[in-house]
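Notes follow the structure.
The values are calculated or read from the model by the stated rules, or taken from the named source; none is laboratory data. Bear in mind the structure is a predicted one, so any value in this text is a computation, not a measurement. Virtual Cβ from ideal backbone geometry, glycine too; neighbours counted across all protein chains shown.
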Amino acid sequence: MRLSKAARISLGAITALILALMYIPLGVVFINSFSTSASLTWPPPGFTLEWWGRAFQSAGASEAILTSVQIALAATTIALLLGTLISLALQRYTFFGRDAVNLLVILPIALPGIITGIALNNAFRTILGIQLSIVTVIVAHATFCIVVVFNNVIARLRRVGTSLEEASADLGASTWTTFRLVTFPQIRSALLAGGLLAFALSFDEIIVTTFTAGAGVTTLPIWILENLFRPSQAPVVNVVAVVLVLVSIIPIYFAQRLAGADATHGSRG
Amino acid sequence: MTVPIQTRERRSHPVSSFLHSRARLRLALLLSAPLFWLGLVYIAALAALLITAFWTVDTFTGQVKIEWNLDNIVTVLTGSLYQTVTMRTLGVAILVTVVDIIIALPIAFFMAKVASVRWQRILVIAVLMPLWASYLVKAYAWRSVLSHDGIFAWLVSPFGGSTPGYGLPATIMTLAYLWLPYVIMPIYGGLERVPNSLLEASGDLGAGSWRTFRSVVLPMLWPAIIAGSIFSFSLTLGDYITVNIVGGANQMLGNLVYTNVGAANNLPLAAAISLIPIAIIFVYLATVRRTGALNNL
């Protein structure tokens, strides 16, 4: 569509405005992390580095971050494995019940988290008789993370087709060799994008976690919920949030670069 | 689906050639682990919860009693509290979704069709980055933005405006804000798949920008828009934390479920209430299935 210059400029202006609105609350969080007012009044009455110092000394925050990273890594690994298997099955085969399997993968993200949470809580405690622990959180998180890996991988499989795999098999490569040398490089960046999203979903999940975490398992969102409404702790929580946003630039940037490189170097087959 | 070309038997890879001729077996190997996980962990848990809705709670011990009855279902269907809260939750979910789609369309269009490759990459990062700031911190940031001595009041008071305060409008604004990246990304992906050549062809045939958007882009974009809407709609339908932080005294379906699991200790009633969002989501998914949206999530 040959957009007029005016249309392009107004679209650009709308985009800039939306992004500005998206970043205002984050900016408020950033500025409040330096505010001398613990109750976060605006404009801040003065500026201090006290909260940043306290955040970096907070044992609770660093332990919670560590717990969340462990859970997110484990859940992402399971999701990558199961999501890849299921997308290969749904993309490369037609079979009875294919739509049902598709729905089954989507359901954990389509149904509200509180339902997944109480269903799993009930199943773990009363049906299976398992104590809630860090493992039950990982199982719960992996269940709703499968879908994001699945979506990324199946979209890539649809695009690359099967001709290269058939050529590999014709040339005598075993099933495993074909996967390792042909299929895997083609879906690598999709796995990274899906894995990153799964990690982010698990890292920030609060509702399902509330219902599946055992006593003593404090993930970062649970720690934040415990501390957010304590007046003297709210600015420390703001510091943690700012640090996480800044750190997140690194993986997002590399995922983007890898995806971009794949697109230009002809992974489309 | 292409039919695999039959290759001659190769002695060097007995497993591979065995698998090669048995598509059903390969499929079973691929599907067994994920189906075991989803079926055993998820569907069994969900089914067990739904069955609980037909049980009851012993008023003395507070334990769930296996005593089949429809009391909880009747309570939920006829109680005016549940009807009011269901309508309120549904209204909030629809409004949040509509607001998100209206905001997402221009920014996704700019990203996919106007921006240069370099800017495209920067914009994707800019849209995704807020997802990494904690959900709770962002909801709480809106509480401070909308408070009486917050930045909203500070910005609009010179023009005689005032903050909407805490309530349903604040809930809708905050939820629309929280889910926006989830709606922008599928729509952006959908727009990237609309070939530029089609847009040029439409322009060559004399259609203006608006006509091209309506007759060429929008029909191809529907599945992506609906895919995005599934996120904002279903995430809103189950939310109880945001409405606690910025919603004043308003309750949504999630709050009712939460109270009955926690303070009221009535899992059967909580299960009966959860049937409402489950039913709504299933109707929604069944309606949009034909558009192919589920392949665009």
Meets criteria (surrounded by 14 or more Cβ atoms within 10 Å (Cβ to Cβ) and among the acidic types (Asp, Glu)) for B:Glu192: yes
Matching residues, the stretch B:116-145, being surrounded by fewer than 20 Cβ atoms within 10 Å (Cβ to Cβ) and more than 28 Å from B:Ile241 (Cβ to Cβ): B:Ser116, B:Val117, B:Arg118, B:Trp119, B:Gln120, B:Arg121, B:Ile122
Search result, residues across the stretch A:172-187 that are buried (at least 18 other Cβ atoms within 10 Å of the Cβ), over 29 Å from the mean Cα position of the chain (by Cα) and farther than 16 Å from B:Arg26 by Cα: A:Ala173
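Yes/no matrix, rows are residues, columns are (1) within 30 Å of B:Pro181 (Cβ to Cβ); (2) in a loop (DSSP other than H, G, I, E, B); (3) not hydroxyl-bearing (Ser, Thr, Tyr):
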| site | (1), (2), (3) |
| --- | --- |
| B:Phe54 | no, yes, yes |
| B:Thr59 | no, yes, no |
| B:Ile73 | no, no, yes |
| B:Leu77 | no, no, yes |
| B:Gln83 | no, no, yes |
| B:Thr89 | yes, no, no |
| B:Ala93 | yes, no, yes |
| B:Thr97 | yes, no, no |
Every residue from the stretch B:127-164 that is more than 7 Å from chain A (Cβ to nearest Cβ), without any contact (Cβ under 8 Å) to a residue 12 or more places away in the chain, among the polar types (S, T, N, Q) and assigned to a loop (DSSP other than H, G, I, E, B): B:Ser162
Tally of residues being surrounded by fewer than 22 Cβ atoms within 10 Å (Cβ to Cβ) and assigned to a loop (DSSP other than H, G, I, E, B) across the stretch A:75-131: 9
The one condition in (1) more than 30 Å from A:Ala193 (Cα to Cα); (2) in a helix (DSSP H, G or I); (3) more than 11 Å from chain A (Cβ to nearest Cβ); (4) at pLDDT below 90 that B:Pro219 fails to fulfil: (1)
Residue check for A:Ser4: within 30 Å of B:Gly206 (Cα to Cα) and exposed (fewer than 13 other Cβ atoms within 10 Å of the Cβ): yes
Qualifying residue in the stretch B:261-271 (condition: over 18 Å from the mean Cα position of the chain (by Cα), modelled with pLDDT under 90, at the interface with chain A (Cβ under 9 Å from one of its Cβ atoms) and surrounded by 15 or more Cβ atoms within 10 Å (Cβ to Cβ)): yes
Residue in the stretch B:59-66 that is more than 9 Å from every other protein chain (Cβ to nearest Cβ), farther than 30 Å from A:Phe95 by Cα, touching a strand residue (DSSP E or B) at 6+ places or on another chain (Cβ under 9 Å) and not polar (S, T, N, Q) present: yes
